[in-house]
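Heads up: the structure comes next, in structure tokens.
A short reminder: the numbers here are calculations on the coordinates, not readings from a lab. Since the structure is predicted, the reported quantities are computational estimates derived from the model, not experimental observations. Here the Cβ positions follow ideal geometry from the backbone for every residue, glycine too, while neighbour counts run over all protein chains shown.
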Amino acid sequence: MEHLFDKVQETVAFLHAYTQSFQPQAGIILGTGLGNLTDSIEITHEIPYSEIPHFPVSTVEGHAGRLVFGRLAGKNIVAMAGRFHYYEGYSMQQVTFPIRVLKYLGIQQLFISNAAGSVNAHMNVGDIVFIRDHINLQPENPLRGKNDERFGLRFPDLLNLYNKKLNNKALQLAKELGIPAHIGVYVATQGPNLETPAEYRFFNIIGGDVVGMSTVPEVLVAKHMQLPVWVASVVSNKCFPIEEIAETTVEEVINAVAQTEPKLSKILTHLLESL
Ligand code: HPA
């Protein structure tokens, strides 16, 4: 069987040829309802996932599924419009394959966005939460299996997982721009169901602020390769306290997040400028 490392190099070589060796400095993952950020990118190349060797194909509502190369805030960037989730049935290796590719395309910072439920009574729909730590409740780990030292260590430590300097900068910016924002802890669940009231309460008790079904696999793989990450969650539904939980549809999640999208774009643009 072909090694993951060789597959990554093949995909990177393909993308180098496709983009005439465009060199991105930063990567951005656009989460559910956050795809409009691509409107601000001066696009030089874009390609559907279905045309990229070894890439899985994205299927979820609200996820377009293409890789976008271009300029944003004076920087060369590559953006994933659409990501892969474990609950879709992909393996953890498939979910995180694009992160390995982005690393070997040369990015030095990964920016991740997602939609998340709030289990902190002070964090409301539309607020942005900059992630400082996580609690991983997903049943599988993308680093499980034989370790390839070319990527990184067998036992990566998880201190300083999230870029504190960028978080502080983002919070300061949000304050200046009048955007409701917080620093918080992300709880990762498998999905695809949302959670029971008792589960949301549990997440609050164990120290979570927001809960979502993505991001942590990507963060773990980025850490494996010493790639710094910054994560912003947009609160799409309120899940704590119990009296504030309402039935939630995927359309509501997408709409709630889409309204905050321009604010998150503004913050992200400033952070990119500061790199
Ligand atoms: N639970 C898990 N994932 C989510 C939620 C939620 O309530 N909202 C958005 N993503």
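Assorted remarks:
- In the elastic network of the chain, a GNM with C-alpha springs shorter than 10 Å, the most mobile of ARG83, ARG201, ARG100 is ARG201.
- Kirkwood hydrodynamic radius of the chain, Cα pairs, Å: 18.7
- The chain, relative contact order in percent, only Cα pairs under 8 angstrom and at least six apart counted: 25
- Exposed-loop-free span, longest in the chain, where GluC sites (Glu not before Pro) count as exposed if DSSP calls them loop and at most 14 other C-beta atoms lie within 10 Å: 150-246
- Under the span-like rule (Cα at least 24 Å along the axis, Kyte-Doolittle mean at least 0.0), DSSP H helices of the chain: 250-274
- Taking every DSSP bridge with both residues inside the chain, close to 40 percent are antiparallel.
- Most mobile listed residue (ILE112, ILE28, ILE52) in the chain, GNM with C-alpha springs under 10 Å: ILE52
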